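Following: one structure in structure tokens, then a few remarks.
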Amino acid sequence: MDADGDKIESTEPPTELFDCSKSVLYNTLFKTNHPGDRMCASSYEALEDNIRDIPHLDETIISRQPFPCPVGCCRQPCCLFMFATHITFDHKDVLVDTVWPGEPTTVLIDPYTVDVDQPRCHKLHLLSGKVRGLGDGKHRDKLPFALMSSKFSLQGAMRLVLWVTGPDAGGSLRQHYTMEAGRNDPNKLLPYAVAFSGEIVPLHSAQDAAEIHHAGVALVIPEQQLDFLTDSRTKLLEVCVHFY
């Protein structure tokens, strides 16, 4: 065994392992993923180019108008720069997640604990890649968007309303997203799902389920359908959101 061990230790590994430029496979993959003359360009250059493409907050028309915290009955006066910090420290039961445009993010909710009178916040999405010059620390350059829910009665039947509220750029520049809700499944699917695609509700607008339903900017699930989606209240509702 010692002799075999000595042979293994004395064996010189291929030089390609130490110099990736000599590896045919490496060069093939590199050329495939980095075509053209910029094959040898620094990744930092690409990063700087991408950063320059992101507008500074001062170059946008995102509203700086103060607003009351939309979570439950909090109503704490907030501003765009401090909203994420307020949620993180004063509403510790709210999940916080950093996402990028096009990246799906999910959360499980129990729709039967949603208050009829007060909107509930399930998750705060910190959206990167949209703006520079906002906030500092771990919240720097991230726009906050909150996933909300509430219930209201229409023609004697209860309805669950799910929507996203966040900073408003106004008009056609208002942030758009897609939301899908369905039965939580171990196969990571959303069977019997319902969906909504549209614009967010501005933070300085009323976070009222009936008004939001009337404006058509939310996913609305009737009570009978909700019972079906949760398999007669034996499953949680899985909500998947992705921003454009």
Query - Tabulated pairs, the stretch 70-97, first in contact (Cβ under 8 Å) with a residue 12 or more places away in the chain, second among the basic types (Lys, Arg) and open to solvent by less than 90 Å² (accessible area, probe 1.4 Å), C-beta under 8 angstrom, 6+ apart or interchain - result: ALA84/LYS142; VAL94/LYS123; LEU95/LYS123; VAL96/LYS123; ASP97/LYS123
Report task. Return the pairs, sorted by first residue and then second, in which the second residue is surrounded by 20 or more Cβ atoms within 10 Å (Cβ to Cβ) and aliphatic (A, V, I, L, M), the first residue lies in the stretch 218-232 and is touching a residue at least 24 places away in the same chain (Cβ under 8 Å) and assigned to a helix (DSSP H, G or I), the beta carbons are less than 8 Å apart, and the residues are 6+ apart or on different chains. Result -> GLU223/LEU160; LEU226/LEU160; LEU226/LEU237; LEU229/ALA181; LEU229/ILE221; LEU229/LEU237
Query raised in the report: Quick check: anything in the stretch 192-209 touching a residue at least 40 places away in the same chain (Cβ under 8 Å), within 20 Å of the chain's Cα centre (by Cα), exposed (fewer than 15 other Cβ atoms within 10 Å of the Cβ) and more than 18 Å from ARG75 (Cα to Cα)?
Result: no
Query - Of residues in the stretch 147-174 being closer than 17 Å to GLY102 by Cα and modelled with pLDDT under 95, the one least open to solvent (accessible area, probe 1.4 Å) - result: ARG174
Report summary line: Note on the stretch 72-84: residues closer than 16 Å to LEU95 by Cβ and in contact with a helix residue (DSSP H, G or I) (Cβ under 7 Å, 6 or more places away or on another chain) are ALA84
Report task. Look at GLU238 and say whether it is farther than 21 Å from GLY170 by Cα, open to solvent by 70 Å² or more (accessible area, probe 1.4 Å) and of a type in the set (Asp, Glu). Result -> no
Query raised in the report: Considering CYS79, CYS73, CYS69, which residue is of a type in the set (A, V, I, L, M, F, W, C), more than 25 Å from LYS235 (Cβ to Cβ), modelled with pLDDT under 95 and open to solvent by less than 80 Å² (accessible area, probe 1.4 Å)?
Result: CYS79
Query raised in the report: Which condition number does SER153 fail, the rest of (1) in contact (Cβ under 8 Å) with a residue 40 or more places away in the chain; (2) of a type in the set (Ser, Thr, Tyr); (3) more than 28 Å from LYS92 (Cβ to Cβ) being met?
Result: (1)
Query - Lone qualifier among ARG132, ARG140 - being among the basic types (Lys, Arg) and over 17 Å from the mean Cα position of the chain (by Cα) - result: ARG132
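The values are calculated or read from the model by the stated rules, or taken from the named source; none is laboratory data. Quantities reported herein were computed from a predicted structural model and do not represent experimental measurements. Using ideal geometry, Cβ is built from the backbone for each residue, glycine included, and neighbour counts are taken over all protein chains shown. Keep in mind that these areas ignore ligands, DNA and RNA; they rest on the heavy atoms of the full protein, side chains included. Shrake-Rupley method; radii C 1.70, N 1.55, O 1.52, S 1.80 Å.
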